[in-house]
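Down below is the structure, laid out as C-alpha cells.
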Amino acid sequence: NMFREMRLKEQALSQDEIEKVLTTAANGTLAVFGEDGYPYSVPVNFVYKDGKIYFHGAAEGYKYDCLSKNGNVSFSIISKDDIAKENFTTLFESVILFGKVKIIKDTAQKIPVLEALVGKYSAEFMESGKEYIRKGCGSCAYQLTIEHITGKRGVI
C-alpha cells in the first residue's frame, strides 16, 4: 500500500463522519506539485458529489499549470476547530485525502459541476446562478477522484 495507515486509530472518524465532513465543510486546501521543487497549497471551495470532489478555477494560472503537469494531489479539510486551552489541545475534526485531479474543459461536463457548487454555496440564488454560469463558462471545473482518505478527531 502506497498510503500510510493512520497512527492514532482511536481518533479515526467513521466513514459516515467522513462523509458528513465532505458534504458540510465550507472549504478545503488543495496541495499540488509546484515548480522548482516547492509544493503549492491553495484553499478552494468544493462540492462532494458522487464520491468525488469537484472545484472550479480559471483556465489559466498557477493552479491550472500545476494540475496540467501532475494531477496527483492531497486535499485537507478542517470542519471543526475548537481550542481547549486548559488541556493544551484542539478539539478538531479533519479529513485528509489523496487522489488524482482531471481538468474538465468541456462545457456540457462543466455545467453540472458549477451548478452543484452554486447549489452548495448559493442555493437560494439557483436561477441567477445558472444564468451566471451560462454567461461565463470560461473557467475550468476540476474532478478529484479519491484514492485514499482518512478522518481524525482531536480528543482530550
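Some observations on this one:
- Residue match in the range 77-89 (condition: open to solvent by 70 Å² or more (accessible area, probe 1.4 Å), more than 17 Å from the chain's Cα centre (by Cα), modelled with pLDDT under 95 and among the aromatic types (Phe, Trp, Tyr)): yes
- Failed item, numbered, when residue 130 is tested on (1) out of contact with any helix residue (DSSP H, G or I) (no Cβ under 6 Å at 6 or more places or on another chain); (2) assigned to a strand (DSSP E or B); (3) charged (D, E, K, R); (4) at pLDDT below 90: (2)
- Residues within the range 44-78 that are closer than 19 Å to residue 122 by Cα and either touching a Ser or Thr at 6+ places or on another chain (Cβ under 7 Å) or not in a loop (DSSP other than H, G, I, E, B) (or both), tallied: 9
- Any chance residue 97 is surrounded by 14 or more Cβ atoms within 10 Å (Cβ to Cβ) and modelled with pLDDT under 90: no
The values are calculated or read from the model by the stated rules, or taken from the named source; none is laboratory data. Quantities reported herein were computed from a predicted structural model and do not represent experimental measurements. Positions of Cβ are backbone-derived with ideal geometry, glycine not excepted, and every protein chain shown enters the neighbour counts. Note: accessible area is taken over every heavy atom of the protein model, side chains too, but ligands, DNA and RNA are not part of it. Shrake-Rupley method; radii C 1.70, N 1.55, O 1.52, S 1.80 Å.
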